[in-house]
Structure formats: structure tokens, C-alpha cells
1. Taking 8 Å as the Cα distance limit and 6 or more residues as the minimum spacing, I'd like the relative contact order of the chain as a percentage.
2. Can you sort ILE143, ILE65 so the residue with the fewest Cβ neighbours within 10 Å comes first?
3. Tell me what the chain gives for mean residue ellipticity at 222 nm when only DSSP H runs of n ≥ 4 count, each as -39,500 (n - 2.57), the sum divided by the residue total, rounded to 500 deg cm²/dmol.
4. In which sequence would THR109, THR12 go, from the one with the fewest C-beta neighbours within 10 Å to the one with the most?
Amino acid sequence: MPTATIQVAAVTSPDQWLLVAGADKVAAVNSPDDSDTSCLNTSTGGTYGQQYSLAANSIPSGSTINSVSIYSRARVEASSANMSVRLSLGANDGPSFTRNYTTSYASYTDASTRPGGGTWTKTDIDNLEVEVYASVGSIRRRITSLWVIVDYTPPKAAMFLLFP
């Protein structure tokens, strides 16, 4: 079955993380996995979210969406601390995937259910958003990669028979 890796396209809301390195907040979390060459971090104290819409994708209309996963690569600047990722679709947030990070970058791929329940559709993928967030004490969180991976089955090609 084919997969589509869908990078982020634009910052939506919330927009609370700080650009540390890279051209902008979109480029900072898109491919490649380049650690501190391009990344975002939180300030200290408070809850911080950074949400993105997704770029256009090449999934054919009529495809069956088998699974949707969030890929993230992150670390903290001192000791260890948690941060979370999730998908959003309209007013619905999907399940949160919380990890305890250390000072070394770690990568995770978390399969998500459809926010709001039900079966995934191509239209859902076209309207999906991805977010990283954390309740921050004195330890800054840092993220360098955030995108979505979709496993799908393309629609069957129609066959037409012509008789003379």
C-alpha cells in the first residue's frame, strides 16, 4: 500500500513556540531531520502549542485511508520533560501522544484515530492540522520535525468495454 508523507504548510493557531534556527516556523519542522540546524522551542513557564495546516498531498480522490500517523523528532534543553503531539480536524482534537524527552533528539511515529471518531476520508486529510504542545516549567522543549504519514489504498481503476 502506498504512503504519503505530508509536510506542514502554514502556521495556524495556537502559535506560541519560538523559532530558534531556520528560515521560518514551517521550514523549521519540515524535512529533513536536521536537529538544531532548524528547530523551534518553548519559552519557560506556561502551556505552549504550535499548530500547522498540512501541505497539499498526492493522495488520489476515492482512496481508502488505512492509517494516519504523526512523525515527530524532539528533545529538551536540560534534564528530561514531557511534550505531546496530536491531530486536529475542525473543532475536534485527536488523541494526544505524550513522550518524555531527554537532551538527545528522539524520533517517534504515533498512529492516530480520526479526531471526532469515524472513518478517515481524503477530505479529512486535506483539512487536517497537526500540533505539538507542552505545559512548561523551567525546561525548554525543542522540536525539529513534525509531519503526517498517511497509508492509503488507491481507488480501483474503472474498466470500460467497447463492443463494435
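Only the coordinates and a few stated rules stand behind these numbers; no lab work does. Computed from a predicted model, the values in this text were never measured in an experiment. Methodologically, a virtual Cβ is constructed for each residue, glycine included, from the backbone with ideal geometry; neighbour enumeration extends over all protein chains shown.
1. It comes to 36 percent, rounded to a whole number.
2. Numbers: ILE143 24, ILE65 19.
Lowest to highest Cβ neighbour count: ILE65, ILE143.
3. Details: 1 runs with 6 residues, N = 164.
My calculation for the chain gives -1000 deg cm²/dmol from helical runs alone.
4. On the way: THR109 10, THR12 15.
Ranked by crowding around the Cβ, least crowded first: THR109, THR12.
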